[in-house]
Amino acid sequence: VHLQESGPGLVRPSQTLSLTCAVSGDAITDGRSPAGRSYWSWLRQLPGKGLEWIGFISNTGATFYNPSLESRVTISADTSKNHFSLEMTSVTAADTALYYCARDRPGIVAPASIFDFWGQGTMVAVSS
Amino acid sequence: DFQMTQSPSSLSASIGQTVTITCRASQDISESLAWYQQKPGKAPRLLLFSTSNLESGVPSRFSGSGSGTDYTLTISSLQPEDFATYFCQQYFNTPPTFGQGTQVEI
């Protein structure tokens, strides 16, 4: 399974950040857990800080977001291209980070929020 | 959110040594803990989940233990490829949250 993030490396303050995660080796529409579900997440690593989970989209299109970001975030999927995307509105310098996409590890409990495959990450700077 | 506190933030060790990293949760996470390894410029790699379950392909020198709020990652007989940053993550509560990381240096 391979994930690859892409998107602009620089976003102006107050604008919208848009990133895409291309998935190969697995289909984002396949439900691999016993419950027939799979989950695909976005996370970010703020400079000098730990990782922050942003949200996920399931193979059925259901989404769930970190409450701290929920008002500004949308995750969507393009099943024809086997990729999923992140949009974050009204960005500020505090959103400057390394953004990752990741797969939720299939298991009995879904979503498990255990991330077994990650992309390499894409750096996004918010600056004028 | 559940806060995860790792210690130490960094440590120096030699090849062959055993190192221990601690992760403390702000509340009981019922062993819903994962550990990741991250090397510079690389994606995090899942090492263990459910406190002590080794992910497929991970060497057996990595082990985990703990319960309640206190958890430990142990690396036995440190190898050159083990020098990296290690993160803990709880998934008992949503949103999942991560520790700040422990850098293991030569």
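Read-outs throughout are calculated quantities, based only on the coordinates presented, and are distinct from any laboratory measurement. Everything numeric in this text was worked out from a predicted model, so none of it was measured. Every residue, glycine among them, receives a Cβ derived from its backbone with ideal geometry; neighbour counts consider all protein chains shown.
Observations
- The protein assembly as shown - Debye-derived log10 I(q)/I(0), Cα point model, q = 0.07 Å⁻¹: -0.22
- With K and R counted +1 and D and E -1, the other residues having a Cβ less than 15 Å from that of A:Glu70 yield a net charge of -2.
- Each Lys or Arg adds one and each Asp or Glu takes one away; over the other residues whose Cβ falls under 10 Å from the Cβ of B:Gly66, this sums to -1.
- Test item: A:104-113 mean partner chain Cβ contacts at 10 Å: 3
- Take each peptide in B:61-71, A:115-125, B:28-38, B:3-13, count the other Cβ atoms within 10 Å of every residue, and average; sorted highest first, the result is B:28-38, A:115-125, B:61-71, B:3-13.
- Net charge dipole size for the range B:20-106 [Lys, Arg +1 and Asp, Glu -1 on Cβ; Debye, nearest 20]: 180
- Note on chain A: with charges restricted to the Cβ of Lys and Arg (+1) and Asp and Glu (-1), its dipole about the Cα centre is near 80 debye.
- Eigenvalues of the alpha-carbon gyration tensor of the range B:1-63, scaled by 5 and square-rooted, set the equivalent ellipsoid semi-axes at 20, 16, 13 angstrom, largest first.
- The overall shape of chain B is prolate: from the C-alpha gyration tensor, with semi-axes ordered a ≥ b ≥ c, the ratio a/c is 1.5 or greater and a/b exceeds b/c.
- ³J(HN,Hα), Karplus 6.51/-1.76/1.60, whole Hz, each residue of the range B:14-24, x for Gly, Pro: 10, 4, x, 6, 9, 10, 10, 10, 10, 9, 10
- Nearest-20 debye value, the protein assembly as shown charge dipole, Cβ charges on Lys, Arg, Asp, Glu: 240
- Across the range A:36-42, coupling constants 3J(HN,Hα) worked out from phi with the 6.51/-1.76/1.60 Karplus curve, θ = phi - 60°, read x, 10, 9, 9, 10, 10, 10 Hz, and Gly and Pro carry x.
- For the range A:13-72, the percent of C-alpha pairs falling in each 5 Å distance bin, counted from 0 to the bin holding the largest distance, reads 4, 14, 20, 24, 19, 11, 6, 2, 0.
- Global geometry of chain A, whether rounded, prolate or oblate, following the gyration tensor of its Cα atoms and the 1.5 cut on a/c: prolate
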